[in-house]
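All of the numbers you see were taken from the coordinates with simple rules; none came from a lab. All values reported here derive from a predicted model rather than from experimental measurement. Quick reminder, even Gly has a Cβ in these numbers, built from the backbone with ideal geometry, and neighbours come from all protein chains shown.
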Amino acid sequence: MSSKRNVYLSMKPLAEARALFLDHFDFSHRLAAEEVSVAEAVGRILAEPVHARLSAPSYHGAAMDGIAVRAADTYGASDLEPVEFTLGKSAVHVNTGEPMPEGMNAVIMIEQVQALSDETVRIEAPAFPWQHVRRVGEDIVATEMLFPRHHRVGPYCTGALLAAGVHRVAVKRRPRVLIIPTGGEMVQASDLDESDLAPGRIIESNSTVLGALVEQMGGVFVRHEGLRDDAETIAAVIGEASGNHDLVLVIGGSSAGARDFTKMAIERAGGEVLVHGVTIMPGKPTLLAAVRDHPVVGIPGYPVSAIIAFEELVAPALELMQGVRGEARPTVLAAPTRKIASKLGMEEFVRVRLGKVGERLVANPLPRGAGTVTSITRADGIVRVPADLEGLHPDREVAVELLRPLAEIERNIVVVGSHDLCLDVLADLLKEEQTGLSLSSSHVGSLAGIMAIRNGLCHLAGSHLLDPDDGSYNTTDVARYLADVPVRLINLVTREQGLMIVKGNPGAIGGFEDLTRDGVTFINRQGGSGTRVLLDYELAKRGIPAGDISGYETEEFTHMAVAVAVMSGAADAGLGIRSAARALDLDFLPVTSERYDLIIPEEFVDTPAM
């Protein structure tokens with residue numbers, strides 16, 4: 001096996017790559033028709049137009065309970081000159097849905113009929129021809145087209161089809177998609193043994209996600225067993241499967257690395273690589289190819305990359321096969337809560353949380369790593385940063401593609417600022433109480449939260465900023481930065497801050513002084529966070545230069561991220577809250593108790609949401 005690194009051969013912008021892929025294959029004629037019952041047709045795409053076999057209704061029928069009459073016999077009737085009818089002769093009792101008696105062409109509702117005897121009735125208003133009568137073909141006329149080809153059959157459609165005497169319809173066969181996970185590092189979720197999750201081992205989830213997306217789009221999928229990183233093995237599977245499936249997705253092995261095998265496998269299977277690399281983030285390593293005139297897509301291994309590649313390149317192919325076009329996601333304008341930097345030459349898909357603050361929507365960017373699957377499960381929308389921009393500014397609204405209904409998004413309570421686990425508890429309680437509200441948190445540090453309040457970008461901010469001069473929390477910085485913004489401080493929790501240390505404290509760390517020892521690595525919080533302010537205060541009090549601490553410049557944005565860094569061995573110690581240390585079973589050396597407050601603008605304090 002060659003150890004040379006793979007390289008992107010023909011990297012293309014997204015639009016060009018999509019057009020090249022879709023134009024190369026005759027996707028619109030890949031699926032044959034099959035006949036199914038009307039009950040089985042729900043969700044399927046019609047392969048042929050459907051015409052009515054029968055008229056509906058197939059007879060003139062009464063649309064109301066009452067009496068059937070000849071309309072001409074009622075003309076001139078009024079309360080001063082009522083008209084009388086003899087039942088069984090000039091009028092006949094009918095119930096809704098019954099056929100109209102021969103020669104009768106109108107129904108008078110029973111409420112408007114006065115009974116004079118068992119044989120005689122009277123009316124005081126005239127009827128017009130076909131009043132309260134369902135005529136033959138009023139709904140459907142035999143031979144008329146009910147639905148055109150490529151119509152998706154819905155539950156309502158079944159009623160029209162059956163009423164028209166149609167019991168079976170020709171629908172397009174469901175697209176068949178083969179999904180092949182690759183990579184020796186993958187552990188199958190069904191075989192999961194936590195002892196197998198040694199460093200470098202990953203739970204394989206992409207095939208399940210992509211399979212669900214295929215089914216959501218009307219297709220069926222087969223998941224191949226995971227394949228090891230071997231070009232010959234992958235090539236054999238692709239070559240054998242390509243003729244039996246409408247689309248083959250190979251997960252992993254499509255980026256520019258020495259251990260990537262999809263390109264080699266496609267070429268060994270006699271295929272042609274059309275595109276190797278697309279100028280999008282996430283999703284750059286996507287590969288588009290043809291093997292024996294069958295489409296093969298190399299899907300990146302990172303979860304968010306895999307989803308973006310599917311939605312932007314695989315989904316359009318599935319739509320063309322079925323003759324349907326998916327609805328474009330609705331878009332709204334929203335103001336970013338902070339600057340969004342981006343790389344020139346790459347179209348970036350930034351996941352965001354949204355909320356309505358005052359009269360405008362605001363967008364909180366989520367973590368942007370291609371492997372951060374929660375950045376898309378938590379997202380309310382996606383901002384596309386064009387390839388010719390270096391980023392987006394918070395003072396300019398941007399277009400956001402919605403992943404959730406706008407009405408749901410407008411019930412988000414937007415929290416920006418310091419992180420505390422109590423926010424997760426609050427978010428769960430909101431759902432438990434079925435309030436219809438959601439908590440949308442962005443953990444960027446206490447000072448950034450205060451700035452978001454000042455700029456009108458959130459409903460509340462979490463803060464625990466220490467004033468080293470008097471030992472108070474938050475009041476000094478609120479007075480400094482929010483002098484012109486009426487706010488209320490509500491204490492959410494009093495909590496312990498301390499040094500989180502690996503269980504058993506193998507490094508024998510007893511305090512801040514030990515952080516300067518050789519071999520001891522620290523993990524810090526970002527500048528502007530309350531924890532960072534506390535650290536700098538404690539170091540200054542002890543006369544410890546920050547530069548003497550290895551890892552002082554390495555930053556995380558949440559207490560749990562710091563705790564994970566310590567638990568994983570990436571750091572020996574980090575400053576954070578006791579609950580985070582407890583959650584990951586770390587040792588904890590208390591430093592101080594502090595106030596964690598919610599800062600709420602007065603304009604929101606008395607709202608139902610708050």
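Please quote Rg/Rh for the stretch 332-399 to two decimal places, taking the Kirkwood radius as Rh and restricting both calculations to Cα atoms.
Ratio of gyration radius to Kirkwood radius: 0.95.
With charges set only on the Cβ (+1 for Lys and Arg, -1 for Asp and Glu), what does the dipole of the stretch 467-600 come to about its Cα centre, in debye to the nearest 20?
360
In debye to the nearest 20, how big a dipole does the chain give about its Cα centre with +1 on each Lys and Arg Cβ and -1 on each Asp and Glu Cβ?
Using Cβ point charges on Lys, Arg, Asp and Glu, the chain gives about 1420 debye.
Angle, helix 530-542 long axis vs. longest principal axis of the chain, Cα atoms, 0 to 90°, nearest 10?
10
Would you grab the residues whose amide H sits under 5 Å from the one on ASP229? Only those 5+ places off in sequence or on another chain, please, with H modelled 1.01 Å from N.
Here GLY183, GLY184 satisfy the definition.
Which ³J(HN,Hα) values in Hz, rounded to whole numbers, follow from the phi angles of the stretch 510-522 under the Karplus curve 6.51 cos²θ - 1.76 cosθ + 1.60, where θ = phi - 60° and Gly and Pro get x?
x, x, 4, 4, 6, 5, 8, 5, 4, x, 9, 10, 10
Over the chain, how many percent of alpha carbon pairs lie in each 20 Å bin up to the one with the longest distance?
The calculated distribution, bin by bin, is 16, 34, 28, 16, 7, 1.
Would you compute, from DSSP H runs of 4+ residues alone, the mean residue ellipticity of the chain at 222 nm, taking -39500 (n - 2.57) per run and dividing by the full residue count, rounded to the nearest 500?
Calculated mean residue ellipticity at 222 nm is -6000 deg cm²/dmol.
What ranking do 435-443, 76-84 get when scored by the average of other Cβ atoms within 10 Å per residue, highest first?
435-443, 76-84
Could you derive backbone 3J(HN,Hα) for the stretch 335-347 from the dihedral phi with the Karplus parameters 6.51, -1.76 and 1.60 (θ = phi - 60°), listing whole Hz in sequence and x where the residue is Gly or Pro?
For the stretch 335-347, the Karplus curve yields 9, x, 7, 7, 4, 10, 7, 8, 8, 4, x, 10, 7 Hz.
Could you give log10 I(q)/I(0) at q = 0.19 Å⁻¹ for the stretch 511-577, computed by the Debye formula over C-alpha point scatterers of equal weight, without solvent?
Each listed q corresponds, in turn, to -0.66.
Positive end of the charge dipole of the stretch 296-347 (Lys, Arg +1 and Asp, Glu -1 on Cβ, about the Cα centre): tell me which of ALA335, MET321, VAL297 has its Cα farthest that way.
Checked the options; the winner is ALA335.
Which whole-number percent is the relative contact order of the chain (Cα, under 8 Å, 6+ apart)?
11
Would you mind checking the pairs LYS284/LYS503; LYS284/LYS431; LYS12/LYS339; LYS503/LYS541 and listing those with alpha carbons more than 29 angstrom apart?
Table pairs above 29 Å Cα-Cα are LYS284/LYS503; LYS284/LYS431.
Excluding ALA269 itself, calculate the net charge of residues whose Cβ lies under 15 Å from the Cβ of ALA269, where each Lys or Arg counts +1 and each Asp or Glu counts -1.
On the way: positive: LYS263, ARG268, ARG292; negative: ASP230, GLU232, GLU240, GLU267, GLU272, ASP293.
Summing Lys/Arg as +1 and Asp/Glu as -1 gives -3.
If you line up the long axis of helix 206-216 against the longest principal axis of the chain, both from Cα atoms, how many degrees apart are they, to the nearest 10?
20
With an 8 Å cut-off on Cα pairs and a minimum separation of 6 or more residues, tell me the relative contact order of the stretch 196-316 in percent.
Once divided by the residue count of the stretch 196-316, the mean separation gives 23 percent.
Could you rank the peptides 455-464, 264-273, 96-105 by their average count of other C-beta atoms within 10 Å per residue, with the highest value first? Could the numbers behind the result be given before it?
Details: 455-464: 25.0, 264-273: 20.2, 96-105: 14.9.
The densest-packed peptide leads the list: 455-464, 264-273, 96-105.
HIS51's amide H: which non-local residues (gap 5+, or another chain) put their own amide H closer than 5 Å, with H modeled 1.01 Å from N in plane and none for Pro or chain starts?
LEU146
Just to check, using Stokes-Einstein with a Kirkwood Rh over alpha carbon pairs, what's the diffusion coefficient of the stretch 299-412 at 37 °C and 0.692 mPa s in µm²/s?
In µm²/s, the coefficient is 220.
Which cross-chain or sequence-distant (5 or more) residues have an amide H under 5 Å from the amide H of VAL485, H modelled 1.01 Å from N in plane?
none
How would you rank 408-415, 539-546, 361-368, highest first, on the average number of other Cβ atoms within 10 Å across their residues? Intermediate results must be reported in sequence, preceding the final value.
On the way: 408-415: 20.1, 539-546: 12.1, 361-368: 22.2.
Going from most to least packed, we get 361-368, 408-415, 539-546.
Evaluate the relative contact order of the stretch 490-597 (contact order divided by residue number), counting alpha-carbon pairs under 8 angstrom at least 6 apart; express in whole percent.
Across the stretch 490-597, relative contact order equals 50 percent.
Each residue of the stretch 111-119 in turn: what ³J(HN,Hα) in whole Hz from Karplus with 6.51, -1.76, 1.60 and θ = phi - 60°, glycine and Pro shown as x?
My calculation for the stretch 111-119 gives 5, 9, 10, 9, 7, 8, 7, 5, 10 Hz in order.
Towards the positive end of the charge dipole of the chain, with charges on Cβ (+1 Lys, Arg; -1 Asp, Glu), say which of SER593, ALA17, ASN105 has the farthest Cα.
Checked the options; the winner is ALA17.
Sort TYR552, TYR537 by Cβ crowding within 10 Å, fewest neighbours at the top.
Ascending Cβ contact count within 10 Å gives the list TYR537, TYR552.
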